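Some notes on the structure that comes next.
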Amino acid sequence: MVLAGFDIDVAEANAYTIVEQGDGTQQSVPVSPEAIAFEREFVAKQDTRTRTTWVNGPCGNSWINAVSRGNTKFISTGFVVPRPVIAMNWTVQVWGWGGLTSHTWLGGSGPSWSSSWSSSLSGGDFANVLPGSNVVMNNGAVCLSGSPGENFHS
């Protein structure tokens, strides 16, 4: 997942402010004692994590698993990000001869989220998280899914 920007309203509601650096990039900065303590704890935990969790991008990773059993397609998807998620807009699209079908998840979650969905679609051969699917973390960071996709397998 990659950083797409910041939601200023979410950042402010969670005691962060968005500042612009000299090179034009933005950064989310904690402004309350609680947010500062959260950041210190967050940084300390990062030192103990393995890099494999973050191979898909600086915001975390996202995934999809597409299984086919006859005409029924089973799709699992999720993400792992370093902070609580205030809002998500996550859509999986199944591409197939019987047309296109999709499923969308909305809401908030912890930093790790997954869900499953099944569809009866004859001939579907590929599923992906649609481009633009994203999460908004408690510091206002908006992270895009990276659109993981997979051919169906048994």
Of the residues that sit in segment 122-149 and are in a strand (DSSP E or B) and open to solvent by 50 Å² or more (accessible area, probe 1.4 Å), which one is nearest to SER76 (Cα to Cα)? PHE126
Taking segment 1-15, which residues are modelled with pLDDT of 80 or more and either open to solvent by 50 Å² or more (accessible area, probe 1.4 Å) or under 20 Å from the mean Cα position of the chain (by Cα) (or both)? LEU3, ALA4, GLY5, PHE6, ASP7, ILE8, ASP9, VAL10, ALA11, GLU12, ALA13, ASN14
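The rows are residues; the columns are (1) at pLDDT 90 or above; (2) within 28 Å of GLN26 (Cβ to Cβ).
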| residue | (1), (2) |
| --- | --- |
| ASN71 | no, no |
| SER76 | no, no |
| VAL80 | yes, yes |
| ILE86 | yes, yes |
| SER109 | yes, yes |
| TRP117 | no, no |
| SER147 | no, yes |
Hand me the list of strands (runs of 3 or more DSSP E) wholly inside segment 61-113 holding 2 or more residues that are of a type in the set (Val, Ile, Thr) and open to solvent by less than 60 Å² (accessible area, probe 1.4 Å). 61-69, 72-80, 85-96
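The values are calculated or read from the model by the stated rules, or taken from the named source; none is laboratory data. Bear in mind the structure is a predicted one, so any value in this text is a computation, not a measurement. With ideal geometry, Cβ positions are generated from the backbone for all residues, glycine too; neighbour counts draw on all protein chains shown. Accessible surface areas use protein heavy atoms only, side chains included; no ligands, DNA or RNA. Shrake-Rupley method; radii C 1.70, N 1.55, O 1.52, S 1.80 Å.
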